[in-house]
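What follows is one structure encoded as C-alpha cells, with my remarks underneath.
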Amino acid sequence: MYPFSSKSITMTHTINAGLACFLLFPTGPWGRCMGSECGPGGSQSRAVWCAHSEGWTTLHTNCDQSQRPDNQQRCFRVCDWHKEMYDWQLGAWNQCVPISMRNSGVQRPAICTRAEEGIQTREVGCVQKANGEPAEDAICEYFEPKPRLEQACLIPCPRDCVVSEFSPWTSCSKTCGMGLQNRIRSVLAPPLFGGSACPNLTEFHTCHLGLCAGEESLYSVRVGPWGPCSVPLPRQTAELIKKKRTRNRQNRPGGKSWALQIGYQTREVNCVHKSGTVEALSFCAEASVPITYQACVMSKDCEVTEWSEWSACSKECYDPNGPKGERSRSRKVTQFPVGQGAGCPELEEREPCSPLGDKVPPCIVYSWKATEWSECRVDVLLSQQDRRRGNQTGLCGGGVQSREVYCVQSAADSPPPPPPPNLALRPVDSDLCLGVPPNTTQFCHISCPVECEVSAWSAWGPCTYENCQDQVAKKGFKLRKRRIVNDPTGGMGNCPHLVEAIPCEDPSCYDWLVVRLDECVPDNDSSECGPGTQNPQVQCVNSDGEYVERQMCRDAILPMPAICEVPCPKDCALSPWTPWSLCSHTCSGKNTEGKQTRARSILAYNAGEGQGIPCPNVSSLQEARSCNDHPCTVYHWQTGPWGQCIEDSSIPATNTSAGRARGDDNSCSIGMQTRKVICVRVNVGQVPPKKCPESLRPDTVRPCLLPCRRDCIVTPTATGAPAHQHARQRKQHRKRIVIQYPANGGQDCPELLSQERECDAPSVCQGYRWKTHKWRRCQLVPWSVRQDSPGAQETCGPGLQVRAVSCRKQDGGQADVEACLEHSSPMPALTQLCQMPCQEDCQLSAWSKFSSCSADCVGVRTRKRMLIGKSKKREQCKNHQVYPLTETQYCPCNKYNAQPVGNWSDCILPEGGRVEGQLGMKVQGDIRECGQGYRYQAMGCYDQDNRIVETSRCNSHGYIEEACIIPCPSDCKLSEWSNWSRCSKSCGSGVKVRSKWLREKPYNGGRPCPKLDHVNQAQVYEVVPCLSDCGQYVWVSEPWSVWKVSNVDLKDNCGEGVQTRKVRCMLNTIDGPSEPVEDYLCDPEEMPLGARNSRLPCPEDCVLNDWSAWSPCPLPCNSNSTRQRSAYPLRQPGEGKECPPTTETEPCKHNTNCFHYSYNITDWSTCQLSDRAVCGSGIKTRMLDCVRSDSKSVDLKFCKELGLERKWSMNASCVVECPVNCQLSEWSPWSKCTHTCGLAGRRRTVVQVPQGDGRPCPVQREQWKPCPVRPCFSWRYSGWSQCKAEVRAVCGEGLRFRNVSCFVSDGSGQELSLVDDELCGDVDFSVDGDINITLQEACTVPCPGECYLTEWTTWGRCQLSCMGGDDLGFGSVQVRSRAVVAQDPENLLQCPEQEQEARPCTEGQCLDYKWRTGPWRGSSRQVWCERSDGINVTGGCPLTAQPISDRSCDPPCTKQRSVCTEAGVCGCEEGYTEVMTSDGLLDQCTVIPVLEIPTAGDNKADVKTIRAFNPTQPANSSPGRSFHFLIFKLSIILSAPLLHSCFNKEKEKTYPCGFSEAAVLATQAVGKIERSLKDAL
C-alpha cells in the first residue's frame, strides 16, 4: 500500500448499508521523466488507487471516477547538455527577521546583551541562462541540489548615539541687553541598528550684561559673494583701449601665453534686520555702504601644443633579458591658466623601449662571480666544550665556509671566456648586476679521521715455524694476534701492531689435538674392574687451531692412551679429573712460572682395612703441571709515521703529468713515502731485526700523490667606487679581490689590495628660477560701471594690476618656462589688487632699509619714508601720528651659547676594533664586537632668543664625545663530560649515561645553553645503549671438599654427609676466567651450589658420577614434554646390589625449566660522532637483545641457536645540527648628513642566520650618530585669522587669512622659532611638502541675531561594533557633526537643524562604555559614563545598569558621625560602629575599640574591628546589634584564614592550621562574651 499523498487527495462520499464512508484517491510520487528526445516532450507517471480514510484499500470502482487524479503528465526530459542552458538564480537575502516574530512561542529578550538571533530568506529559482526565463526546478535539481532558501543571521543590539561633554559656555552674544550664551558638544558615535537618536548638541541660556546706553541697533549691512568676472561692454572696452593703448603694447614679455584680460565683478549689498528680513538700504544709511564692484582677471584654461615626436631610446643596445630603456615626448604651454582656469596637464610622457634593427649592437651584460670558498670553519658545540682541549685545529664535522661575491662584465650572448692563468675579470660596481647574488656562506663538512680500533689479543698459539712453507730453519715462534675492528683514515699504517711473537723451541706447523678420552676399559678382559686405559680421540689442527686433514700431522707424535682405574665394588671410588685450569702466567721467567692444576674428589670409601683399594690421601687428589714455560720475551714490529710525499725519481717523466691529464685538481704527479720499521722487545726497546719474524715485517715504502702548486690569483683593480662620506671627508676607494689563495709553495698574494683617495669636487646640477617683471599700472573698473556708486571718482579707487614672469637658469640665462614648471617653485602670482590714490589721499614712499648698528646690543637703528606728490602740501598728511615717517628699534643683541641637543648616539667602536674569530682568522661578519667605544651627542648653538644658529658662532666643533663600553657576549659554559657510567645491565642491553653541569649562564647575547634536563635545569645528559656480554662474568666453582659424614657408620665409613666447595664470580676473558669480581656481577640464578647433602655410598654400593646437565626441552614448551639428565656408574655394585637409575626425567614447565626466546630491539642512541667531530653526520646505534619468555635478558647465543630472524638494522646515519654563529655583513658607510637636520645611520644585514646553539644575532642592526646641529629652516603656516567681512560691512561674505613664515629648529622635534624670511631662501617654498600655498579663503560672518551652524568637527575615531571587547562583525564607522549657535533669543525658532555625517572606515577599534561614580557627598554623588579611552560621554552605557546618584533615609540621619547608607538606613562613618535602639534605629556612633589577643611566643598583635562598608542589616534587627556586630567581626578576624585543621601531637587536639592554642582560646572566649551579652540584653 502506497503512502497517502498530501497534495492530491480526492474524496468521495459513498453510502453503503446506511453508513457514510469516506473514500479517497491517494497518489504516489511522480516517476522519472521518460522519452526518446531531450526537452519538453517527455512523460512521467504515478500510481493512483482507491483507499478508505482509515487506510485500507478498495476497488477503484468504489471511488468516484470523476474525482480520480491523472496518473500521467507531460514533463521535461533533462539531458547532460542542458547544464549549459539552465542554472539556479539566487535572489538577494531579505532583511533579518527575529525568530520571535516568526515563532509565536519564542519570546523576544527584554534586554539585548549581544545580538538577537534571526532568519533571513531569499528567492531561488531555475532559469534559462540565455534570457532569464523561469524553468522547472527539477531541471536544475538534476545537476545540482537547490540552494538553501533561508539562513541564520544576527540582529545587532541597538546602539544609541554617543556625544561628548559640553564645551565651556561662550561669552554673551551681546554686550548689552538680552543675549545668549551657548555651549556645544559633538557626536562621537552615531546611532546604529535602531538606537536612540542624538540629543541636542547645543544648550542655550540667556544673559544680560546691562542696559544699553542708547537704542539698540536693529539693522546691519550684509555683503554677498562676488559674482563671476565679466568682460566690459563694447563701449567700456573702447574706453579702456583709448586710455591704455600705449601701456598695453608693453604687455608682451610672454607673448600670447601671458595675455591677461581684465574684467570686473559685482556683488549684492543688503540691509538686514536682526530678525533676518532684508530691508531697504536706507535703514542702514548711517553706515557707509561697501563698494559693489571690483576689477578681476578673466579666467583662462591652460592650453598646450600637440605631443612632439618620441625621442630616441635611451638604450642603444639589444638585450632581451635586461632592463629596457626609456623614451619621452613633450608638449609646450601656449596659454597658462589664469584665475580659476583649469591647470595644465602633464607636459612630458615617458615609456619603456627597446632599440630594434639589425645594426643595434648587443648590450654589455654583467654577471656575478665568486671567489673560492674559504676553509671550512668548525665551532665547538657547547656540550662538547672541554678546557683540556687547547688546540681546536683538529676539529671536524659540519661547519661554515664563506666567499666574496663581485660583479664582472661579460658578453651578452655567451658565457664569459675563461680568464688566462693567474688573471681574473675586473670587478665593476655591484649595482650593475641585477640578478640575485650567489650565497656568501654555506655549510661544509670536514671529514673526521677514523681512529684505528683493534680487538683484544687472542691466546698464544702453539710453537710454529715462522714460515710453514720453509721449515729449514729450526727457529720457531709462538704468536698471538689481534684484528682491526674499524679501518682507520689513511690506511693501516696508523694502526698499532697486530702480531706479537715469542721465540720457542721445537716448532711445529701441525699437531694432534685431543678432542676427548674414551671410557676407561679394564686391561683384564675377564674382569669388570681394575687397572685400564682410555684411548684419546684426536684431530689434526694447524698453528691457528683450525682442523686440517689428518695426513698433515703425519710427522707429529700421536698422544698416548691414558692410564685409568675402574674401581671394584670394595675399592675407593674417585670422581674423574677436572679439566686443567688456565695457566697462571703467559710466560715464565726468574720470578714467574706458569702452572696449571686439576683436581678430583672421593665419591666412596673402600670396604675397610685390607679390603679393596684404599682412597688416596688428600694431596693425591690434586695435580699440577708446568705451562707457558717459554721466556717472557715478546717481540713485535713497530712502524713510524709515513714521511712527506716526495718526487719519485724512478718514475719516468712521461707519467708525472698523468694527474693533470685526468683533470685532477688535487694531485699533479705520483711520489713516494717512506717510514721507519724496527723490531721492538716489549718493555725493553729496539732490538736487532732478526728477533722478529721476517715474514711479518711491514712495508717501508709506498707510492703517493704529490699535491699541485697553487698560485695566488687576484682580480684587476676594481673601478673606483662612488665617493662617500667617510670620517667627515669625501673619500673614494678601490680594491682587488683574492679569488684563489696560494698553496703548496705557490706565489704569494700582493700586499696592497685596496687604495683610497680624496674625491673630486662634485658637479653642480643645473637649476632654474622664476624671474618676475614689474607690476603694470593699476587698472580700474570701467567708470560706466562704478559711476552710480556713492563717493566714486573716475580716476581713483580699487583696481587690479598684472605682471609677467619668465624662466631663468641659475646663471641668469633664459630657459623655457616648462623647465621652471618642472624644476622650480610654484609660479609667482600674475595679478594683485591695487589702489589708485585719489587726489585727497595721502601718498607715501616705501620704507627704506634700517640703518646699520655700530655694535651688537648698542644703540638703535632707524628707517624712513616720505610723502610724495601733492601729499606734501596737504595738512592731513602731515599728521605723523597717522602717517609716521620714521621707525626706530633697538639694535639686535646677539649672544650665543652652546647646548647639547638630542640623545646620546649608540656606542660606536673605532674602525678595526672587530674581534677575531676563534681559529685566529678574521671572520667577516662575526658578531663578537665589544670593548671600549665612543658615543656622541650633538651640540647646538643658540642666540639670546633661543633660536638655533650655526655652531661656528659658539666656537664649537658640534659634538661632545664620551667613552663607553659594549659588553662582550659570554657564552653558556658547561663542565666537562663525566665518565660513562657502567652499563645498567650485566647481561644483555642496557644504557650508560654521562652528563655535564651548567657552570655559567650566557649573557650579553652569548651562545645559548643546550636544552637542559627538565628536572633540575642544570644538567645535560647523553645516553647511549650498551650491550653487556652475558658471558663476561662467570661462576667458577672449586672441587667438592671431602665428605663430612654426619650419621657415620663407623664400620663402613658411609652414610649421610655433606660436601662444600667455594664458588666465585670471575671475569671471563678469551683465555678463560682471569680474576675474581663482585658476586653481584654474575647471574644469581646461575650460581652453582656451594654445599650439598647426600648419602656417602657404602662399600659394594654402586657409585655414579655427577649428573650431567639437563637436556633441553623441546620447543615450543609443552607440559607433555620432558627433559632428562644421566649419569654413568663409576663403581659397579657388589653381589646382590643394584645401581640406582642412571637417568632422571622431569616435565617441561613454561618459564620454569623451559623458555621461549625472542629478540628485543633497544631505542636509538643519541647521534654518535667521531671523537674530534663537533657536528655533522654521525651514526646512531641500537642493540639487539635476546630475551627469555620470563623477560630475563640472556646471551645472544640462545636466540642464534634457534635461528630466529634478525630483520633490524643496528646502525643508521644521523646528523647533529652544527653550531653556526650569526654572521653579519660589514657596516655600511654612514649615511649623508643632508641640509635638513637629523641623524646619520649605518646598517648591516644578516648574512648567516644562527643555527643550533650558535651565538644569536644581536638586536642592534642599525647604529645612529647625530649630525652636526645646523639650523633647520622650513616654511610654516600661521593659524587662520577670524573671519572678517569688509570694513564697511557687518556680516555676510568675508575672508580669513593666514601667513606663511620662516621657522628654524634644531631637528630634535622641539618648538619652532620664527626667523626672518630671508633665511629660508634656499628652502623650497612649500609647507609639509605641499607647494600649493593657500593664504586666504572665503568664509561667512553671521549677522547679529542670526542663528547658524558651526564648522564641521574633525572625523572622530574609527569604532567597531563590539561587545565585551569582541568584534561583532558589523564593520566600523566614524562620524562628524555640526552644532547650532544662536545669538538672539527671539530667533531660536529660525535655527537650522544640527547635522551629522557618518562614513565607514578601516582599522577600527573596540571601545567600551562603563558607568563611573564619585564619592557620596551627603545624599548625592556624581554618576557619569566613561569610554574606555578615558573620555566622559553621554550615551553608550546601558541605562538599566546606571548606579543611583541620590539616596535618602527616613527618618533622616541626624546623629553625630552618622551617614545614610546605600541600603537606605542610617549607619556610621569609617572608624565608628553603630549602637542601635530597641526598635532597630541608630542610637549613636561609637569609636571601634581595640582588642589585644596574645599569640604564641608572647607576641602581641593588634586586631581591630573594621566597619562594614555596605552593611545590610535590616532595620528591625535584634537588640544589641552593635555588640553583636563587634563580636561578629572579632570572630571573622580570628577565623578568616581557617581553611584547614591540623592535629597537635603534644596536646592531642585539633586546631586551625596556622593558629596557636592561645589564639583558639581567645576565639572561644569571644564566643562566651557574645553569649553573655545576649543573655544580658
With the structure loaded, tell me whether Pro576 is in contact with an Asp or Glu (Cβ under 6 Å, 6 or more places away or on another chain) and either surrounded by 12 or more Cβ atoms within 10 Å (Cβ to Cβ) or not acidic (Asp, Glu) (or both) or whether it fails that test. no
The strands (runs of 3 or more DSSP E) lying entirely within the range 1297-1385 that contain at least 2 residues which are open to solvent by 40 Å² or more (accessible area, probe 1.4 Å) are 1336-1341, 1359-1363, 1366-1378
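For the range 1249-1268, which positions are out of contact with any Phe, Trp or Tyr (no Cβ under 9 Å at 6 or more places or on another chain) and farther than 20 Å from Asn1004 by Cβ?
Answer for the range 1249-1268, where residues must be out of contact with any Phe, Trp or Tyr (no Cβ under 9 Å at 6 or more places or on another chain) and farther than 20 Å from Asn1004 by Cβ: Trp1264, Cys1267.
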Of all residues in the range 31-46 being closer than 12 Å to Gln73 by Cα and among the hydrophobic types (A, V, I, L, M, F, W, C), which is surrounded by the most Cβ atoms within 10 Å (Cβ to Cβ)? Cys33
Strands (runs of 3 or more DSSP E) completely within the range 1223-1283 that count 1 or more residues being at pLDDT 80 or above and aromatic (Phe, Trp, Tyr): 1262-1266, 1272-1277
Looking at the range 1118-1133, which of the residues that are within 20 Å of Ser575 (Cβ to Cβ) and assigned to a loop (DSSP other than H, G, I, E, B) is most open to solvent (accessible area, probe 1.4 Å)? Tyr1128
Go through (1) at pLDDT 85 or above; (2) of a type outside the set (A, V, I, L, M, F, W, C); (3) surrounded by fewer than 12 Cβ atoms within 10 Å (Cβ to Cβ); (4) within 30 Å of Gly227 (Cα to Cα) and name the single condition Gly343 misses. (1)
Using beta carbons and a limit of 6 Å, which pairs, at least six apart or on different chains, have the first residue in the range 1206-1227 and farther than 14 Å from Thr441 by Cα and open to solvent by less than 50 Å² (accessible area, probe 1.4 Å) and the second one assigned to a strand (DSSP E or B) and of a type in the set (Lys, Arg)? Ala1212/Lys1180; Cys1214/Lys1180; Trp1227/Arg1242
So how many residues does the range 601-640 have that are open to solvent by less than 50 Å² (accessible area, probe 1.4 Å), assigned to a loop (DSSP other than H, G, I, E, B) and over 23 Å from Leu1104 (Cβ atoms)? 5
Select from the range 1386-1404 the residues that are modelled with pLDDT of 90 or more and not in a loop (DSSP other than H, G, I, E, B) and write down the one among them that is most open to solvent (accessible area, probe 1.4 Å). Pro1400
Hits in the range 1384-1398 - residues which are over 23 Å from Gln1374 (Cα atoms) and of a type in the set (Asp, Glu): Asp1384, Glu1386
How many residues does the range 663-673 hold that are surrounded by fewer than 15 Cβ atoms within 10 Å (Cβ to Cβ) and either charged (D, E, K, R) or at pLDDT 55 or above (or both)? 3
Scan the range 97-152 for residues that are surrounded by 15 or more Cβ atoms within 10 Å (Cβ to Cβ), touching a Cys at 6+ places or on another chain (Cβ under 8 Å), part of a strand (DSSP E or B) and modelled with pLDDT of 85 or more and jot them down. Gly118, Ile119, Gln120, Cys126, Ala135
Expected output for the range 204-221 (first residue of a type in the set (A, V, I, L, M, F, W, C), partner loosely packed, with under 11 Cβ neighbours inside 10 Å, Cβ below 8 Å, 6+ apart or cross-chain) is Leu209/Thr175
List the pairs whose first member sits in the range 989-1006 and is in contact (Cβ under 8 Å) with a residue 60 or more places away in the chain, whose second member is part of a strand (DSSP E or B) and among the charged types (D, E, K, R), and whose Cβ atoms are under 7 Å apart, counting only residues at least 6 apart or on separate chains? Ser989/Asp1185
How many residues, within the range 312-330, are outside any strand (DSSP E or B) and open to solvent by less than 50 Å² (accessible area, probe 1.4 Å)? 5
Tell me the strands (runs of 3 or more DSSP E) entirely within the range 836-918 that contain at least 2 residues that are in contact with a strand residue (DSSP E or B) (Cβ under 7 Å, 6 or more places away or on another chain), open to solvent by 80 Å² or more (accessible area, probe 1.4 Å) and more than 30 Å from Glu1226 (Cβ to Cβ). 886-890
Taking the range 671-697, which residues are closer than 21 Å to Pro631 by Cα and touching a Ser or Thr at 6+ places or on another chain (Cβ under 7 Å)? Arg681
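Restrict the check to the range 181-198 and report whether at least one residue is open to solvent by 60 Å² or more (accessible area, probe 1.4 Å), within 22 Å of Glu1346 (Cβ to Cβ) and of a type outside the set (D, E, K, R).
Filtering the range 181-198 down to residues open to solvent by 60 Å² or more (accessible area, probe 1.4 Å) leaves 183, 193-194, 196-197.
Those left that are additionally within 22 Å of Glu1346 (Cβ to Cβ): 183.
Filter once more, keeping what is of a type outside the set (D, E, K, R): none.
Checked the range 181-198: no residue is open to solvent by 60 Å² or more (accessible area, probe 1.4 Å), within 22 Å of Glu1346 (Cβ to Cβ) and of a type outside the set (D, E, K, R).
The values are calculated or read from the model by the stated rules, or taken from the named source; none is laboratory data. None of these values were measured; they are calculated from a predicted model. Counting neighbours? That spans all protein chains shown, and the Cβs are built from the backbone with ideal geometry, glycine included. Calculation scope for accessible area: heavy atoms of the full protein, side chains included, ligands and nucleic acids excluded. Shrake-Rupley method; radii C 1.70, N 1.55, O 1.52, S 1.80 Å.
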